[in-house]
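Asks: Let me begin by handing over the structure; questions about it come next.
Each value in this text was obtained by applying a stated rule to the coordinates, not by laboratory testing. The structure displayed is predicted, hence computed values, not measured ones. Please note: Cβ atoms are built from the backbone with ideal geometry, for glycine as well, and neighbour counts cover all protein chains shown.
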Amino acid sequence: MDFAAAVSTVATAVGIVKDLRGIEQGLDKAEMKARLAEILSTLADVKMALIEAQEESREKEAEIERLRGSFALKEKTIRFNGFSMLAFEDGTPRGMPFCPRCETVDGVLIHLADARGSDCLCPQCKATYSRVPRYLWER
């Protein structure tokens, strides 16, 4: 349930309360209890909807922060020999390149890792690359 549905449910509960206030003298105890149970059920639905909406909001905020970090890192990269790589301040390549598949398909920057021989492996998607340039991480 989203925010709009939660607001609609609250409006329903408020409407029931207004009805009760206007006709409370004409209701017997059983009818009053039934109406109160309906209100409590509606408010429980609202509470669950707001909890779900809050969790969804947290997940979206986390994804936004992850994307901001990814974009910040992307600004510090250069293209070299077909790979995106970090660069030193003078623009020379630094460290291991990023996985082209993860960068293109998933939009994330994952450093390749050394594998057997001269190959490199992406620890995320498991893609293997040959003849990968490797550079110093620090000077």
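Asks: If I take R0 = 25 Å and measure r between the Cβ atoms of Glu56 and Lys126 in this structure, what FRET efficiency does the formula 1/(1 + (r/R0)^6) give, to the nearest 0.05?
Replies: Between Glu56 and Lys126 the formula returns 0.20.
Asks: While we're looking at this one, here's another question. Give me the aspartates and glutamates in straight-line cross-link reach of Lys60: C-alpha distance below 13 Å, same-chain residues under 8 apart excluded.
Replies: Glu52
Asks: Loop sites only, by DSSP: take the GluC sites (Glu not before Pro) in the chain that have at most 16 other C-beta atoms within 10 Å and name the longest stretch containing none of them.
Replies: It runs 1-74.
Asks: Which FRET efficiency value, to the nearest 0.05, is calculated for Val17 and Ile64 with the Förster distance at 35 angstrom and r the Cβ-Cβ distance?
Replies: 0.40
Asks: For a protection proxy built on the mean count of beta-carbon atoms within 10 angstrom, sort 90-101, 125-136 highest first, please.
Replies: Per-residue mean Cβ counts within 10 Å order the peptides as 90-101, 125-136.
Asks: Out of residues 5 or more away from Tyr135 or on other chains, whose amide H comes under 5 Å of its own, with H placed 1.01 Å from N in the peptide plane?
Replies: Close amide H contacts, sequence-distant or interchain: Gly95, Met96.
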